[in-house]
Every structure is written in C-alpha cells, then in structure tokens.
Amino acid sequence: MKDNLILTKRFYSGSTLTVAAELLGKTLKFFSYKGVITETEAYIGQEDPACHASKGYTKRTAVMFGPPGFSYIYFIYGMYYCFNAVTEKQGYPAAVLIRGIKLIEPNTLDINGPGKLCKTLNITKEHNQQDLTLNHNFCIYNSDISPNYICTPRIGISKGKEKFWRFCII
C-alpha cells in the first residue's frame, strides 16, 4: 500500500500533464485537514498564455522557476488564494492548480473551486514556497486510488481556453 507516503520531488518533476492527472485521487494534507484531490489544471511554460510565467520571471512567479514540489500560492480577484504544486525541472515554469477536493477530515465536504478550497482550509500567501515533499503539515500523500477521469478545457481564464488541461474525477 502506497498510502501515507508523501509524494517526492521525482513525482513532481514529471510532465505537468502527467502530474495533473496523477494527482487525482491523492490526499492533500493541510494541518488538520485532509481531502482527496478531485480536480486539477495544468499550466505549462512561458508559451502557455494562461500561465503566470508567460510574462517571464517576476517576484510573483519566481517559485514556478524553482525546483519541483513547492507550493505556489497567489491571490486572485482581490479576495481568493489559489494553491498550485510546481512541476517539471528547475528553470522551466510549470505548475498544477488544485481546483477541488473531497474533504475527509475533520468532516466530509465536496469543495469545488480553487478559491473555495484555500478559503475552507485557510491556505494563504504565507504558505507560498513551501516544500511539499518535506513538510508533514502541508503535503500531498500518495494513494492506491486510480480514478477514472475526464479532460476538459481549463476554466476561469481568458487565454488558452482551448487546451484540454483540466482533469476531473468522474
């Protein structure tokens, strides 16, 4: 059984599309909260117009250019935080947005939407640039679950909507 093993840098260093699909069914742990990841979206490189790194290296996107397996937290619409896991090799900006989970601890609740997820779990900018492979309070655990999923266009963006880089458990 692979449960309770924190995902490694090697896992996150893979292709962003592969990581986005393989994160489905894994368990996000944030302090006392645990939830099964049900929805993700991939953002890949400077050539992806929806990726924050499309404008180049900035203070905000620096973590995306760093090593894989780190958290990238940003603020949107002046009210919501969003949580991403950095992927691929250092120097290549890519990340997977965690869009939804099925909360299993301390209670059960379906959380759809990255802003709702961060608000419910209380993930904020102070959790940016955390090493998800070493932090037992903020990490993603492996699981033996291999859920069926669909790929759809990404949502909530104005550019790059044609890419089927959103992954959802069915």
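Filtering the range 37-61 to residues that are aliphatic (A, V, I, L, M), touching a residue at least 60 places away in the same chain (Cβ under 8 Å) and either in contact with a Pro (Cβ under 9 Å, 6 or more places away or on another chain) or in a loop (DSSP other than H, G, I, E, B) (or both) leaves Ile44, Ala50. Among strands (runs of 3 or more DSSP E) entirely within the range 82-156, having at least 2 residues that are within 22 Å of Thr61 (Cβ to Cβ) singles out 94-105, 138-141. For Ser143, the conditions (1) at pLDDT 95 or above; (2) touching a Ser or Thr at 6+ places or on another chain (Cβ under 8 Å); (3) among the polar types (S, T, N, Q) all hold with the exception of (1). Residues in the range 110-120 that are of a type in the set (A, V, I, L, M, F, W, C) and exposed (fewer than 13 other Cβ atoms within 10 Å of the Cβ): 0 in all. Just one of the listed residues (Ile123, Ile169, Ile101) is crowded, with 16+ Cβ neighbours inside 10 Å, hydrophobic (A, V, I, L, M, F, W, C), farther than 19 Å from Phe11 by Cβ and at pLDDT 95 or above, and it is Ile123.
Here the range 69-92 is the region considered, the condition is being among the aliphatic types (A, V, I, L, M) and buried (at least 18 other Cβ atoms within 10 Å of the Cβ), and the residue that is farthest from Arg10 (Cα to Cα) is Ile73.
To keep it simple, each residue is scored yes or no on (1) over 17 Å from Thr18 (Cβ atoms); (2) within 13 Å of the chain's Cα centre (by Cα); (3) touching a residue at least 12 places away in the same chain (Cβ under 8 Å).
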site	(1), (2), (3)
Ile101	yes, yes, yes
Ile140	no, yes, yes
Ser143	no, no, yes
Ser146	no, no, yes
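If only residues of the range 14-28 that are closer than 14 Å to Asn84 by Cα and assigned to a loop (DSSP other than H, G, I, E, B) are counted, the one that is nearest to the chain's Cα centre (by Cα) is Leu23.
The values are calculated or read from the model by the stated rules, or taken from the named source; none is laboratory data. Just so you know, these numbers come straight off a predicted model, no measurement behind them. Virtual Cβ from ideal backbone geometry, glycine too; neighbours counted across all protein chains shown.
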